[in-house]
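K.L.:
Structure below; questions to follow.
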Amino acid sequence: MTLDEMAGRCGEWLKGCGPESDIVMSSRIRLARNLADYPFIRRCTDIDRANIESTVRERLNKDERLADLTFINVADLEVLDRQFLVERQLISREHANSDGARAVAIDQQERLSLMVNEEDHLRIQVMKSGLDLASAWDQINELDDRIESRLTYAFHPKLGYLTACPTNVGTGMRVSVLVHLPALVITQQIEKVFRSLQKINLVVRGLYGEGTQAMGDFYQVSNQITLGKSEQDLIEQVGDVIPVVIDYERKARDFLVNEKQNDLFDQVSRAYGTLQNAQQISSEETMFLLSRVRMGINLGLIGNLEIPEINQLFIHTQPAHLQKISRTELTTDQRNIERANYLHDQLKLDSGTDAEKN
């Protein structure tokens, strides 16, 4: 599997086939682990980093159930390819931009990625479509056990797994759900929801995690601290509150349909029309407009598009993906033109929104 092959398709988490996938884009569980024989990354020498990367690769290749993972040497990638993996949610921005030996292992369906030499020696990640934390936990728990049978983790009998960041000590687990909340944004209720989440020690971040802004009304909701909590505690902490957020979003959508129908139809129709006809368009505006169209599909206002198609457009119109698909490095202005052309091609079979037909 090459990056060029990946560019032309989407991972399983974008297929929109999981539970509550009209609002929940994906569920993700990530585990931070460190090898007992080496210092934390910030104190590692270049030789340490290289040895960690080669040790992980060698040991995992000996496990027949992990041998089909594709290992990518991130340090050797061009900037464009590293950004491509960030947009794909397979590595973090920090992993893309750091120095020294580092790698990522990915499975064919992109449900699994294993970052080597990020903030910790290992960052194990499993992603599922929709609200599916239980399945994600089953898969990552089994995977973690298999890796631990090959590598010796840094572990303290009282503190748990030792990590570079003190807030991750214990389980080393981050439970995260990516939600699409356009109606709460439109009805100006989103900040109230965020404040409620913060009161129960959940954190809200943008599409690409820590330090990023919300794009296309997508937000990541995750736990903040792991020390003193079990894995099941953390899954329940996030898993119990997401249905409440889903309910708020659905009620906001019902309000828009029942009380602001003309305004809603107008927003969806304008968004769809702009995406079909713009001569140049930025990635930020594209995300905003696709967000409105995605909501319109879920509310039955657009009948000729499916959610997986829109989910794919969210990713394929990002800067690195656009350049990988076009096989050309582009300036910002050129990307804006190419993005508009790409949207025209993908949406050219449109027969109009149901709102426009009424």
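Read-outs: derived from the displayed coordinates by stated rules, not from any lab. Here the structure is a predicted model, which means the values were calculated and not measured. Here the Cβ positions follow ideal geometry from the backbone for every residue, glycine too, while neighbour counts run over all protein chains shown.
K.L.:
What residue among His344, Leu181, Gln232 has its Cα farthest toward the positive end of the dipole of the chain, where the charges are +1 on Lys, Arg and -1 on Asp, Glu, each on the Cβ?
P.N.:
The residue sitting farthest along the positive end of the dipole is Gln232.
K.L.:
Give, as ranges by residue number, the residues of segment 111-138 whose backbone N falls under 19 Å from the point 7 Å along Cα→Cβ of Arg43.
P.N.:
In segment 111-138, the label zone of Arg43 (backbone N under 19 Å from the point 7 Å along Cα→Cβ) covers 117-122.
K.L.:
So, one more: Return the single residue from Val204, Val116, Val79 with maximal mean-square fluctuation; model: Gaussian network over the chain, springs between Cα atoms under 10 Å.
P.N.:
The residue that fluctuates most here is Val79.
K.L.:
Hey, another quick one. What distance in nm separates the two pseudo spin-label positions at Lys62 and Asp247, each 7 Å out from Cα along the beta-carbon direction?
P.N.:
In this crude spin-label approximation the distance works out to 5.1 nm.
K.L.:
Determine the dipole magnitude for the chain: charges of +1 sit on the beta-carbon of Lys and Arg, -1 on that of Asp and Glu, nothing else is charged, the reference point is the Cα centre, and the result goes in debye to the nearest 20.
P.N.:
540
K.L.:
Please list 3J(HN,Hα) in residue order for segment 196-206, calculated via the Karplus relation 6.51 cos²θ - 1.76 cosθ + 1.60 where θ = phi - 60°; whole Hz, with x for glycine and proline.
P.N.:
My calculation for segment 196-206 gives 5, 5, 5, 5, 10, 6, 9, 10, 10, 10, x Hz in order.
K.L.:
Let me ask something else about it. Determine the calculated [θ] at 222 nm for the chain from helices alone, applying -39500 (n - 2.57) to every DSSP H run no shorter than 4 residues and normalising by the residue count; nearest 500 deg cm²/dmol.
P.N.:
-14500 deg cm²/dmol
K.L.:
From the square roots a ≥ b ≥ c of the eigenvalues of the alpha-carbon gyration tensor of segment 135-177, which class results: rounded (a/c under 1.5), prolate (a/b over b/c), or oblate?
P.N.:
It comes out oblate by the Cα gyration axes.
K.L.:
Hey, another quick one. In whole angstrom, how far apart do the alpha carbon centroids of segment 66-88 and segment 228-283 sit?
P.N.:
31
K.L.:
Let me test this: with uniform point scatterers at the alpha carbons of the chain, what is the Debye-based log₁₀ I(q)/I(0) at q = 0.06, 0.07, 0.09, 0.11 1/Å?
P.N.:
The Cα Debye sum returns log10 ratios of -0.23, -0.32, -0.52, -0.77.
K.L.:
Separate question: Could you order peptides 237-246, 182-191 by the average number of other Cβ atoms within 10 Å of their residues, highest first?
P.N.:
Put in order of decreasing packing, that is 182-191, 237-246.
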